[in-house]
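Visitor: Take this structure first; my questions come after.
Since every read-out is calculated from the coordinates, none of them should be taken as a lab result. Keep in mind that what you see is a predicted model, and the values were worked out from it rather than measured. Note: ideal-geometry Cβ built from the backbone for every residue, glycine included; neighbour counts use all protein chains shown.
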């Protein structure tokens, strides 16, 4: 039975307001011990500690640049406040949890490092890597050919692109952008989804149809509010994020996978950190920690057999 629109709208407004209050900023720097167990409680977000038992691996740590080994810390920027399981805040508005957070902390423990974490907006992280503001970034960054020109990646999961709609939508499964012609599509600003949508707008004109409209938002709460309130007809986002979101919000449905992408830690081009991070991720896969993290966040279907450094973009 469909939930009344008034109830759905109230849910979305509350969710959007909460996300706005805990929006990513560039000034909240936290010095966290690598692998520290998430604090706080949440009725929806899992807080099981799957990282604290991870031990340092000497072979992986030996691959770090000497100056990093001596310093013992790395500056990491994380995009937070979006749709889990990637990363989100607990109710306290300060504690960050998520799949990206657990994997980053586990990798740091393998390498014997501490992470100095700073939350930043998704679209600000990649440009900041080149300037040296951060050593690395996380934010479910998909590996694309365009990004590989200026960014190095160390992969840790395979996610990708998908679509979600309201239950009353006629869309069943999107396999071609021509199915979106004439619709309003909501997505995140500065994401691969925005680029993909803009690059494929021509298919509607080529088919003699009305183009779809791309509506971008910096906050996930605004994206879902637009969909629930009818300002958007469809949402394009991460496969795992969409699966999570439709389970939490009534009246929505996931339309399945559209295009898979490798996801990885992001570094400035030419980084010397990549081999060590690759070795650390592979150690986590080998010792079972990786599987435990993905099980915690319900993303085992996105597991990779091994980490790679800046692999070519997956082409369907």
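Visitor: Quick check: residue separation of residue 272 and residue 309 times 0.36 nm, minus the Cα distance between them. What number comes out in nm? Walk me through the intermediate numbers first.
Guide: Details: separation 37, 0.36 × 37 = 13.32 nm, distance 1.13 nm.
12.2 nm is the gain from fully extending residue 272 to residue 309.
Visitor: Next question, about the same structure. Kindly rank 256-267, 159-170 from highest to lowest mean number of other beta carbons found within 10 Å of each residue. List each step's numbers first, then the result.
Guide: Details: 256-267: 21.7, 159-170: 19.1.
Order by mean packing, descending: 256-267, 159-170.
Visitor: Going by alpha carbons, how many degrees (0 to 90, nearest 10) lie between the helix axis of 5-21 and the longest principal axis of the chain?
Guide: Helix 5-21 sits at roughly 30 degrees to that axis.
Visitor: Any idea how far the Cα center of region 270-308 sits from the one of region 158-230, in Å?
Guide: 31
Visitor: Over all directions, average the projected area of the Cα convex hull of region 161-260 and note it in nm².
Guide: Values: hull surface 22.5 nm².
Averaged projected area of region 161-260's Cα convex hull equals 5.6 nm².
Visitor: If contacts are Cα pairs under 8 angstrom and at least 6 residues apart, what is the relative contact order of the chain in percent? Walk me through the intermediate numbers first.
Guide: Values: 653 pairs, mean separation 83.0, N = 316.
It comes to 26 percent, rounded to a whole number.
Visitor: Another question about this same structure. Over region 74-127, what relative contact order in percent results from Cα pairs under 8 Å that are six or more residues apart? Mind dumping the intermediate values first?
Guide: Values: 67 pairs, mean separation 25.1, N = 54.
Reported as a whole number, the value is 47 percent.
Visitor: Further question: Provide 239, 285 in ascending order of the number of other Cβ atoms located within 10 Å of each residue's Cβ, fewest first. Intermediate results must be reported in sequence, preceding the final value.
Guide: On the way: 239 23, 285 17.
The most exposed by this proxy come first: 285, 239.
Visitor: Which length gain, in nm to one decimal place, applies between residue 52 and residue 168 when the Cα-Cα distance is subtracted from 0.36 nm times their residue separation? Don't jump to the answer; show the numbers that get you there.
Guide: Values: separation 116, 0.36 × 116 = 41.76 nm, distance 4.46 nm.
Length gained, residue 52 through residue 168: 37.3 nm.
Visitor: Specify the angular offset, from 0 to 90 degrees and rounded to the nearest 10, of the alpha carbon long axis of helix 239-248 from the longest principal axis of the alpha carbons in the chain.
Guide: Compared with the principal axis, the helix lies near 60 degrees.
Visitor: Follow-up question, since we're still on this one. Kindly provide the helix-only [θ] at 222 nm of the chain, computed as the sum of -39,500 (n - 2.57) over DSSP H runs of four or more divided by all residues, to the nearest 500 deg cm²/dmol? Don't skip to the answer; put the middle values down first.
Guide: Numbers: 12 runs with 109 residues, N = 316.
Taken over the chain, the calculation gives -10000 deg cm²/dmol.
Visitor: Treat the count of other C-beta atoms within 10 Å as a stand-in for reagent exposure and order 219, 145, 118 from fewest to most. List each step's numbers first, then the result.
Guide: Details: 219 18, 145 9, 118 22.
Going from least to most buried by this count: 145, 219, 118.
Visitor: Sticking with this one: Report the per residue volume, in Å³, of the convex hull enclosing the C-alpha atoms of the chain. Kindly include the intermediate steps, with their values, before the conclusion.
Guide: Numbers: hull volume 39.4 nm³, N = 316.
It is 125 Å³ per residue.
Visitor: Roughly how tilted is helix 274-287, in degrees to the nearest 10 and between 0 and 90, from the longest Cα axis of the chain?
Guide: 80
Visitor: Taking the alpha-carbon centroid of each part, what is the distance from region 102-147 to region 52-89 in angstrom?
Guide: What the calculation gives is 9 Å, centre to centre.
Visitor: For Cα pairs less than 8 Å apart in space and 6+ apart in sequence, what is the mean separation divided by the residue count of region 161-260, i.e. the relative contact order in percent?
Guide: Details: 174 pairs, mean separation 48.6, N = 100.
For region 161-260, the relative contact order is 49 percent.
Visitor: State, to one decimal in nm, how far the label point of residue 199 lies from the label point of residue 229, with both points 7 Å from Cα in the Cβ direction.
Guide: 3.2
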